[in-house]
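The values are calculated or read from the model by the stated rules, or taken from the named source; none is laboratory data. In this text, all values refer to a predicted model and were calculated from it rather than measured experimentally. All Cβ positions, even for glycine, are placed from backbone atoms using ideal geometry, and neighbour counts span all protein chains on display.
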């Protein structure tokens, strides 16, 4: 039986390959340091300084690190909760068709929060606002949405929800429930309805948590390309996104990530002119890595993944040939690392963190199969690199 990459290349105990893990590695920044630690963090800090919810759009090609970034933002907010109080709620956008409405985003957010969370939230809000429905209506929420949240009071926190509360939860996710008209619930199908649901949650959460805001993070908005085939559906999404990014929305924060090679390739439903104006400078693009950035990525990756004490011991014991070992190149030989970096310099469109790590795994496996403790030029030859 073959050894594992972990054993063969003296990796830290919790590592099985050279691919970063999501969400376990959320605290780590392997690349895009300046953009993340300066521009994006600065945007978050500025929003808090001006008492505004976080709103941003993050774009970049597939595999460039957008999803990792969303988890890093969530980690950063958790680490700095005292100074930047927020509750990040992160989902990946599911399958979108040309007829999909904004409930395709609201539904997974509600599922992520859960019915127990909402029951507790509404009860806590009543402790601040005697009349739940009235309090929400005063924040501009439509009556049927406000009344739906009010029905959450029919169940007590910590106990199994009664059937009407279960049905109301489904209603808030945009589904029809039996006899909804008879209990005063109009259909939920308009853009404003779904925004009112997020607004209600945001306002109640702020009220019971001393101003702390909900931050909704929706990953992979590139799927919104599908709605461009239907004008009415696209307009529905345009309206919803205009409402999200409008300055008048002070109730909740929102971050979209979207795959695209440039801002010109982003779906109209998320980056139409009026939406661009609303987002302003809070648009951040993750580019493929330049040569120096590939070097930085490799350095950060290997420093985090490799047990260097074990490597040095293996060199001393002759397990790794000393004439092929260089701390700045391992697990490559010096020549192989130089060619590896040059490959991504020549194939710039492929210089993405995911591609780079997957290539290292492929090369490391070839070395493992032939009992070689380092990645040499012959393995790059096999992979046409």
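A few remarks follow.
- The set of residues from segment 287-297 being free of Cβ contacts under 8 Å to residues at least 60 places away in the same chain and either more than 16 Å from residue 337 (Cα to Cα) or out of contact with any helix residue (DSSP H, G or I) (no Cβ under 7 Å at 6 or more places or on another chain) (or both) comprises just one member, 292.
- Selection status of residue 117, without any contact (Cβ under 8 Å) to a residue 12 or more places away in the chain, under 21 Å from residue 215 (Cα atoms) and in the same structural domain as residue 190 (by TED's automatic domain parsing): yes
- Residues of segment 1-41 that are under 18 Å from the mean Cα position of the chain (by Cα) and in a helix (DSSP H, G or I): 33, 35, 36, 37, 39, 40, 41.
- Qualifying residue in segment 77-91 (condition: touching a helix residue (DSSP H, G or I) at 6+ places or on another chain (Cβ under 9 Å) and part of a helix (DSSP H, G or I)): yes
- When residue 54 is tested against (1) more than 26 Å from residue 247 (Cα to Cα); (2) crowded, with 20+ Cβ neighbours inside 10 Å, exactly one condition is not met: (1).
- Counting residues in segment 9-27 that are over 27 Å from residue 170 (Cα atoms), surrounded by 14 or more Cβ atoms within 10 Å (Cβ to Cβ), at pLDDT below 95 and in contact with a strand residue (DSSP E or B) (Cβ under 9 Å, 6 or more places away or on another chain) gives one or more.
- Any hit, segment 56-76, residues being part of a loop (DSSP other than H, G, I, E, B), at negative phi, assigned by TED's automatic domain parsing to the domain that holds residue 190 and in contact with a helix residue (DSSP H, G or I) (Cβ under 6 Å, 6 or more places away or on another chain): no
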